[in-house]
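What follows draws every value from the coordinates through simple rules; no lab data is involved. What you see is a predicted model, and the numbers here were worked out from it, not measured in a lab. As a convention, Cβ positions derive from the backbone with ideal geometry for all residues, glycine included, and neighbour counts pool all protein chains shown.
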């Protein structure tokens, strides 16, 4: 059976290292999200130039989640809906961010590549896979919007700090030991392909 | 009575709104069957969440995904339909009206491919395919908001007098390339033959066929069945984190061609957004999906 862990965010490095690929987690606390490539490029520029990002990331999380945020009448902020985007779009930029900010959790959907897995292993960071098409569930877990940065960007590209309660369950897709479900599943599927093609040939031979 | 600009505009807006807030019935049934058959614990949990998300979206009128996609419409005009006004502009104006009035607002996904700037409008947007139905007195509109997650992984290769083995091996190559990325379990559409553009269109149209329907061509019905088994044997599973359910359906169609044979493969993610309705000659609107 897969085990379900309740985790307080930001996740401690020890907790990140204790999780295993395939575990499921529920998150409470604060997370930082964006779905924008230009946003992640700005964060890399902060790292390169030694500047602080507009929302602190050190020892925290950065999730590839898109959201629609807007100002409320009372001067606050609200997120109307939230959902993951494809993480592999950020492959080239994530190792720098994971190492520089010592992130303990990243996430989105579809996983990250081997260079990211290596950075996560070094730092003690996990990748959490969110349900795509899960906007009704993810949005209901938002307690409050703490901060929104980069308002010049379109809504889903903004950097947003959120308080969440019971966000998930999310699957640990990559653990801090260097195990990636995405890599192992791809490897297994490739290894299985000759057998799959042979079965197709056998089925064709018996088909109309 | 004529089918008017106003009727087509209103229906184009309405179909998009409906598409965003529900998973089609055939797809929920497919997910339910997958949950019964799935042997992997984690995958069962993900499938249960999918069904829960679909139920919550429908019950509370919420968007199922934050990626509202780009507007894709297929409009079929009956040759016996009487039209009044600029029906072509009506589809585009209907989407504009939706953008202006929908609550909650849509994110900006329409992208200029030369600059990557994003907005609600752009060249040739909405993406509309126009078709004609002989003798019919209706106009049918199918709406399929197309998102990035699954749209990104479509591919096409042109072969010369390929065997079925080569065609199926190519389908599996594209499935492997997409891997965990396209929000599985997906609907796989395969278009064979015709020409470059025709094969792509056939594959896209194949994703719109209801899940559970049987291909009327026995050769293709058998191909769909064995390809579905093959895709699910890859093990990528729901959301690509492992399991028996990588696809809910494989749908194949073809057109005659020359001997150079394009094979197009495209995917629709598990939410499989799709709505369809007809405006009849007497002015009534019939919701079909």
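Grab every C-alpha pair in chain B, bin the distances at 5 angstrom width from 0 up to the longest one, and report whole percents.
For chain B, the pair-distance distribution reads 1, 6, 12, 15, 17, 16, 14, 11, 6, 2, 0, 0.
I'd like the mean, over residues of B:115-121, of how many other protein chain beta carbons sit within 10 Å of each residue's own Cβ.
1
Over what distance in Å are the Cα centres of the range B:1-65 and the range B:239-254 separated?
Using only Cα atoms to place each centre, the spacing works out to 17 Å.
Taking 0.36 nm per residue of separation and subtracting the Cα-Cα distance, what length does fully extending residue A:115 through residue A:179 add?
Working it through step by step, the gained length comes to 21.8 nm.
Can you pull the mean other chain C-beta count within 10 Å for peptide A:179-186?
Per-residue shielding by partner chains comes out at 5.
Can you compute the modelled spin-label distance between residue A:96 and residue B:100, with each label point 7 Å from Cα toward Cβ, in nm?
Roughly 4.3 nm, to one decimal.
Could you tell me which of rounded, prolate or oblate describes the protein assembly as shown, using a ≥ b ≥ c as the square roots of the eigenvalues of the alpha-carbon gyration tensor, with rounded for a/c under 1.5 and, failing that, prolate when a/b is larger than b/c and oblate otherwise?
Oblate shape, in that a/c is at least 1.5 and b/c is the bigger or equal ratio.
Go ahead and set up a Gaussian network model of chain A, Cα springs under 10 Å, then flag whichever of A:23, A:52, A:74 fluctuates most.
Fluctuation is largest for A:74.
Based on the mean of other beta carbon atoms within 10 Å per residue, what is the order of B:155-165, A:24-34, most packed first?
A:24-34, B:155-165
Within the range B:148-268, what percent of beta bridges assigned by DSSP are antiparallel, to the nearest 5? Let's see the in-between values first.
Details: 12 of 20 bridges.
Beta bridges within the range B:148-268, antiparallel portion: roughly 60 percent.
Round to the nearest 10 and give me the degree value, 0 to 90, for the angle of helix A:37-49's Cα axis relative to the longest principal axis of chain A.
With both axes taken from Cα atoms, the answer is about 70 degrees.
Relative contact order, percent, of the range B:148-268 when contacts are C-alpha pairs under 8 Å separated by at least 6 residues?
Dividing the mean separation by the residue count of the range B:148-268 yields 45 percent.
Put a dot 7 Å past each Cα toward the Cβ at residue A:190 and residue A:72; how far apart are the dots in nm?
4.9
Between residue A:8 and residue B:285, how high is the FRET efficiency from 1/(1 + (r/R0)^6) when r is the Cβ-Cβ distance and R₀ = 45 Å? Nearest 0.05.
About 0.30, to the nearest 0.05.
Helix B:25-37 against the longest principal axis of chain B: what's the angle in degrees, Cα atoms only, rounded to the nearest 10?
Between helix and principal axis, roughly 20 degrees.
At a 10 Å Cβ-Cβ cut-off, how would you order A:180, B:195, fewest neighbours first?
Working: A:180 23, B:195 15.
With the fewest neighbours first, A:180, B:195 line up as B:195, A:180.
Any chance you could give the angle, 0 to 90 degrees and rounded to 10, that helix B:196-206 forms with the longest Cα principal axis of chain B?
Between the helix axis and the principal axis of chain B, the angle is about 90 degrees.
What's the FRET efficiency of residue B:229 with residue B:59 using the Cβ-Cβ distance as r and R₀ = 30 Å, to the nearest 0.05?
E(calc), rounded to 0.05, equals 0.30.
Please state the relative contact order of chain B as a whole percent: Cα pairs under 8 Å, 6+ residues apart?
Once normalised by length, the contact order is 28 percent.
Could you work out which residue, out of A:55, A:98, A:196, moves most in a Gaussian network model of chain A, that is, has the largest mean-square fluctuation with Cα springs under 10 Å?
Largest GNM mean-square fluctuation: A:196.
Calculate the length of the line joining the C-alpha centroid of the range A:23-62 to that of the range A:146-208, in whole Å.
Here the two parts' Cα centres lie 20 Å apart.
Report the label-to-label distance for residue A:37 and residue B:79 in nanometres (one decimal), using points 7 Å from each Cα along the Cα→Cβ vector.
The modelled label-to-label distance comes out at 4.6 nm.
Running a GNM on chain A with Cα contacts under 10 Å, which residue among A:49, A:118, A:14 ends up with the highest mean-square fluctuation?
A:49
Per-residue Cβ counts within 10 Å, from other chains only, averaged over B:233-246: what number is that?
Whole-number average of other-chain Cβ neighbours for B:233-246 is 6.
Kindly state, as a whole number, the per residue volume in cubic angstrom of the convex hull around the alpha carbon atoms of the range A:97-144.
Cα convex hull per residue, to the nearest whole number: 84 Å³.
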